[in-house]
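Shown next, in structure tokens, is the structure this report addresses.
The values are calculated or read from the model by the stated rules, or taken from the named source; none is laboratory data. These figures come from a predicted structure and were not determined experimentally. We place every Cβ from the backbone using ideal geometry, glycine too, and count neighbours over all the protein chains shown. Just so you know, the surface numbers come from the protein's heavy atoms only, side chains and all, with ligands and any DNA or RNA stripped out. Shrake-Rupley method; radii C 1.70, N 1.55, O 1.52, S 1.80 Å.
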Amino acid sequence: MTDLPQERRIVTAIPGPKSQELQARRLAAVAQGVGSVLPVFTARAGGGIVEDVDGNRLIDFGSGIAVTSVGASAEAVVRRASAQLADFTHTCFMVTPYEGYVEVAEALAELTPGEHAKKSALFNSGAEAVENAVKIARAYTKRQAVVVFDHGYHGRTNLTMALTAKNMPYKHGFGPFAPEVYRVPVAYGYRWPTGPQNAGPEAAAQAIDQISKQVGADNVAAIIIEPVLGEGGFIEPAKGFLPALSKFAADNGIVFVADEIQSGFCRTGQWFACEDEGIVPDLITTAKGIAGGLPLAAVTGRAEIMDAAHAGGLGGTYGGNPVACAGALGSIETMKALDLNARAKAIEATMKARLLAMADKFDVIGDVRGRGAMIAIELVKDRATKEPNPEATGALARACHQEGLLVLTCGTYGNVLRFLPPLVIGDDLLSEGLDIIEGALAAI
Ligand code: PLZ
């Protein structure tokens, strides 16, 4: 959407009258279990702007939860997906295959870490990719146990609810959950009792001890971790934690799975966040940023592991839909052409400088963290006790929304305000968004 002006504009109350009308219809017709952060109904979106049906233009610091890294109407995504739509919408790769799927698998082999032979399988959603990573790891290892971490998020299907740490809203009342899932500590530097400098080695030792004593390394099929934990609060595991867990997996024949569904595809300033510590995962799950907003997900990894599932054992009617594959090829083309890894690093520099200055002024900010364009502030009632402040977090988000800045919250304690701008956002919008955050902090 090249003609969408890249300017914030507020012309009605937020949400405006047309959005309110649609919201009334929505409440009558759509199940309440499906929520919305901000009920302004979208008319157009692109670059760093979401325009609503009342003509308001909001600055986008959410990217539809880390999806539209190339924007919500990137030229190459629209061009390739439209051409594919006109050719054919679907055949089902399991019936008669097509080239786009193969091209996406080739691109994933090229872009993911490691020089080993790799293969991929494509799916529709992040949760489906994680479920399939577990199927593949179990088929390969002939073991059953799966190890996940405190604050981890992996989806809303039955198995991925079991893998997800947080009860409300993801799991409450929806059990029983899939068995053979074990949760161990993660190196959450800001909240580690002996301080961030000790968190990496101490948390790794605790996690490995728990796995060894309570599960038995020989029973573990897979260790699954987000290299930067997303929904759990933008937690970067303290240095040394990921390498220790990855080495433990390798030493014990366990498949090490990096869930890069939120952190992947240039979001953190690398193609994949695990590259920052030189980790080469056995399997990597991707979705979100991969396809510029079209629904696509993948499991990519060592060819011998990926081939462990018997022929016909993996799939699904829509997995690797041709239009979504075309979108992915357009998204990857855009990331390379615009060097969006460099752009994510530039966004980090701008955001961290401004947010650290705000932390000097406002005690409510306990921590500023994140990488690339995956940045957050954790809000506390008291810097000494670090008591979480979800009320201030909600109030800040609402204040930003009223000013026309779309921000999201996250965190186990609901006290993290996270910023996920499209990587193509202009510098003016980025700094205007930061001004709004600063104004909101002053106001609350
Ligand atoms: N793994 C690391 O971040 C999705 C969830 C939003 P799906 N995160 C956004 C919500 O409240 O449902 C996610 C993720 C990580 C897996 C998933 C799941 O991806 O495409 O939402 O299934």
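Give the residue that is least open to solvent (accessible area, probe 1.4 Å), with candidates limited to residues of segment 86-103 that are among the hydrophobic types (A, V, I, L, M, F, W, C) and more than 27 Å from Ile305 (Cβ to Cβ).
That would be Phe88.
Hey, can you tell me all the residues within segment 209-248 that are open to solvent by 20 Å² or more (accessible area, probe 1.4 Å), out of contact with any Leu (no Cβ under 9 Å at 6 or more places or on another chain) and within 16 Å of the ligand (Cβ to nearest atom)?
Matches in segment 209-248: Glu231 only.
Please determine, by comparing only the residues of segment 398-428 that are of a type in the set (A, V, I, L, M) and open to solvent by 10 Å² or more (accessible area, probe 1.4 Å), which one is nearest to the chain's Cα centre (by Cα).
Leu408
Please work out which one of (1) in the same structural domain as Ser82 (by TED's automatic domain parsing); (2) open to solvent by 50 Å² or more (accessible area, probe 1.4 Å); (3) not polar (S, T, N, Q) is the condition Gly289 fails and give its number.
(2)
Does Gln206 meet the test of being without any contact (Cβ under 8 Å) to a residue 24 or more places away in the chain, open to solvent by 50 Å² or more (accessible area, probe 1.4 Å) and either away from the ligand (no atom under 16 Å from the Cβ) or in contact with a helix residue (DSSP H, G or I) (Cβ under 7 Å, 6 or more places away or on another chain) (or both)?
yes
Read through the list (1) surrounded by fewer than 16 Cβ atoms within 10 Å (Cβ to Cβ); (2) closer than 21 Å to Thr286 by Cα, then give the number of the only condition that Ala109 fails.
With (1) surrounded by fewer than 16 Cβ atoms within 10 Å (Cβ to Cβ); (2) closer than 21 Å to Thr286 by Cα applied to Ala109, the lone miss is (1).
Out of the residues in segment 1-27 that are within 24 Å of Ser82 (Cα to Cα) and modelled with pLDDT of 95 or more, which is surrounded by the fewest Cβ atoms within 10 Å (Cβ to Cβ)?
Across segment 1-27, the extreme among qualifying residues is Pro5.
Before we move on, is Val181 open to solvent by 20 Å² or more (accessible area, probe 1.4 Å), within 16 Å of the ligand (Cβ to nearest atom) and either under 21 Å from Ile254 (Cα atoms) or in contact with a Ser or Thr (Cβ under 8 Å, 6 or more places away or on another chain) (or both)?
In short, yes.
Only one of these conditions is not met by Gly100: (1) assigned to a helix (DSSP H, G or I); (2) touching an Asp or Glu at 6+ places or on another chain (Cβ under 8 Å). Which number is it?
So Gly100 meets the others, but not (2).
Table: residues versus (1) touching a helix residue (DSSP H, G or I) at 6+ places or on another chain (Cβ under 7 Å); (2) open to solvent by 10 Å² or more (accessible area, probe 1.4 Å).
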site	(1), (2)
Ala29	no, yes
Gln32	no, yes
Arg57	no, yes
Phe61	yes, no
Ala66	yes, no
Ser73	no, yes
Val78	no, yes
Gln84	yes, yes
Ala105	no, yes
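Would you check which residues across segment 398-416 are touching a residue at least 24 places away in the same chain (Cβ under 8 Å) and under 14 Å from Gly439 (Cβ atoms) and list them?
Ala399, Cys400, His401, Gln402, Glu403, Gly404, Leu405, Val407, listed by residue number.
Which residues, counting only those in segment 119-150, are open to solvent by 30 Å² or more (accessible area, probe 1.4 Å) and either modelled with pLDDT under 95 or within 13 Å of the ligand (Cβ to nearest atom) (or both)?
Asn124, Ser125, Glu128, Glu131
For segment 283-388, list the helices (runs of 4 or more DSSP H) that sit wholly inside it and hold at least 2 residues that are among the acidic types (Asp, Glu); which are they?
340-361
Going through segment 254-263 one residue at a time, which ones are farther than 17 Å from Arg369 by Cα and within 12 Å of the ligand (Cβ to nearest atom)?
Answer for segment 254-263, where residues must be farther than 17 Å from Arg369 by Cα and within 12 Å of the ligand (Cβ to nearest atom): Val257, Ala258, Asp259, Glu260, Ile261.
Residue pairs, Cβ under 7 Å, 6 or more apart or interchain, first in segment 419-444 and part of a helix (DSSP H, G or I), second crowded, with 22+ Cβ neighbours inside 10 Å and of a type in the set (Phe, Trp, Tyr). List them.
Hits for this filter: Gly433/Phe61.
Among the residues of segment 274-294, is any in contact with a strand residue (DSSP E or B) (Cβ under 9 Å, 6 or more places away or on another chain), at pLDDT 95 or above, charged (D, E, K, R) and more than 11 Å from the ligand (Cβ to nearest atom)?
Checked segment 274-294: at least one residue is in contact with a strand residue (DSSP E or B) (Cβ under 9 Å, 6 or more places away or on another chain), at pLDDT 95 or above, charged (D, E, K, R) and more than 11 Å from the ligand (Cβ to nearest atom).
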